[in-house]
Amino acid sequence: MAKSLGPVKRKFSPWTDADAVPFIRFENVTKRFGDFVAVDNLTLDIYEREFFSLLGPSGCGKTTLMRMLAGFEQPTSGRILLQGKDLSGTPPYKRPTNMMFQSYALFPHMTVEKNIAFGLEQDSLPRGEIDARVQEMLKLVKLDQFAKRKPNQLSGGQRQRVALARSLAKRPKVLLLDEPLGALDRKLREETQFELMDIQTKLGLTFLIVTHDQEEAMTVSDRIAVMDKGILIQVATPAEIYEAPNSRYVADFIGDINLLEGKLISRDAATASDTVKVDCEGINVTVEQTCAAAPGDAVAFAIRPEKVRISLDQPADVSVNALHGEVWDIGYLGDFSVFIVKLDDGRMFRAAQANVSRLVDRPITFGDMVWLSWSADAGLVLTR
Ligand SMILES: Nc1ncnc2c1ncn2[C@@H]1O[C@H](COP(=O)(O)OP(=O)(O)OP(=O)(O)O)[C@@H](O)[C@H]1O
Ligand SMILES: [Mg+2]
């Protein structure tokens, strides 16, 4: 599904600037629960006004990382710095962070406006200021008409927005969102994603968000960290994560991809990028990319289905990579069709094609013998 990158994906890349000072820094942070290592010597910089997502399978340490930043857990070793200042010893309520939990418990007996005002009243702010801020928040999350309702008189999405307003009311510099949109249906979820991005940009906040949904992370984030077992595998922009995954793990985790295991045959460094030849158990492919592996090394070849062309005729250009096989299955996704092709050696390979109608071509269907082809710069050699 084609996705917009959001209304305001501004020119913003402080992480590429060697002089930029990170807003939040996890420095060699480890968290153990007994013998179990939930976060393993992790180092990560997050910049002011960044929309940063943590992505990874259940149990990989995402919530633990957030809870340490919010001050609900202490690192076993390592430090967490905010604007250069060590946060250890600072209790949660004195940190400029606010965490919206996986289950965003609202007070059921309080109206929407009371829920939003709660934290401000705890801080004994003057009445006038509380009222003004509640009004501002209600407007921001578009719940002005619902101020007097109780949570059980709201839809799931509206409740989620109350929770968001409540987290924002105290004007945290950093908002920690743990699966904030988990309860919403797909349509509402997408709408709320854009609202979140809008709010974040308007208020100039730093967001750290946990999500299970990779598409959501791709949509909202400036950068994504892909985690596994308490370790960061790759930290990069959504486009880099998708187009240049650094490992089989990331390639396989984000989006759909063909992965073939093989051995590097040769690496010719004549041009800016290397010409790498890989033997994938009988399928030989050529890839243009810079690559650190040496001949004989075990590597994987990876290519996204949408970068594979499918045709009834053999490609005329002999320099492209080409495989022959039979159409085994077709998945129709509306805007795209995915062809699952059984190669002549029995392996399965995927090609995706945008459904733009070209009536001159005979449509490709089940049982057709086809050619799959791609240029040398379309695939990737993965060494990790
Ligand atoms: N208080 C605790 N005591 C013991 N183990 C814990 C504790 N809190 C978390 N863990 C363990 O640490 C690991 C990481 O937990 P965490 O909640 O950070 O995962 P997560 O990435 O947020 O997962 P999910 O996506 O399911 O929310 C898990 O294996 C979990 O069982
Ligand atoms: Mg969690």
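The values are calculated or read from the model by the stated rules, or taken from the named source; none is laboratory data. Note that the structure is predicted; figures quoted are calculated from it, not measured. Backbone-built Cβ (ideal geometry, glycine too); neighbour counts: all protein chains shown.
You will find that of 217, 163, the residue that is under 12 Å from the mean Cα position of the chain (by Cα) and small (Gly, Ala, Ser) is 217 and no other. For the stretch 27-53, filtering for residues that are under 24 Å from residue 197 (Cα atoms) and more than 16 Å from ligand 2 (Cβ to nearest atom) leaves 8. A single member of 135, 158 is assigned by TED's automatic domain parsing to the domain that holds residue 220, more than 16 Å from ligand 1 (Cβ to nearest atom), in a helix (DSSP H, G or I) and over 32 Å from the mean Cα position of the chain (by Cα), and it is 135.
Taking the conditions (1) part of a helix (DSSP H, G or I); (2) hydroxyl-bearing (Ser, Thr, Tyr); (3) at pLDDT below 90 in turn, residue 266 satisfies each one other than (1).
Hey, does the stretch 54-65 have a residue that's within 16 Å of ligand 2 (Cβ to nearest atom), surrounded by 18 or more Cβ atoms within 10 Å (Cβ to Cβ), within 25 Å of the chain's Cα centre (by Cα) and of a type in the set (D, E, K, R)? The answer is yes; a qualifying residue exists. Only a single item in (1) in contact with an Asp or Glu (Cβ under 9 Å, 6 or more places away or on another chain); (2) away from ligand 1 (no atom under 16 Å from the Cβ) is not met by residue 212, and it is number (2).
Residues in the stretch 31-53 that are within 12 Å of ligand 1 (Cβ to nearest atom) and β-branched (Val, Ile, Thr): 37, 39.
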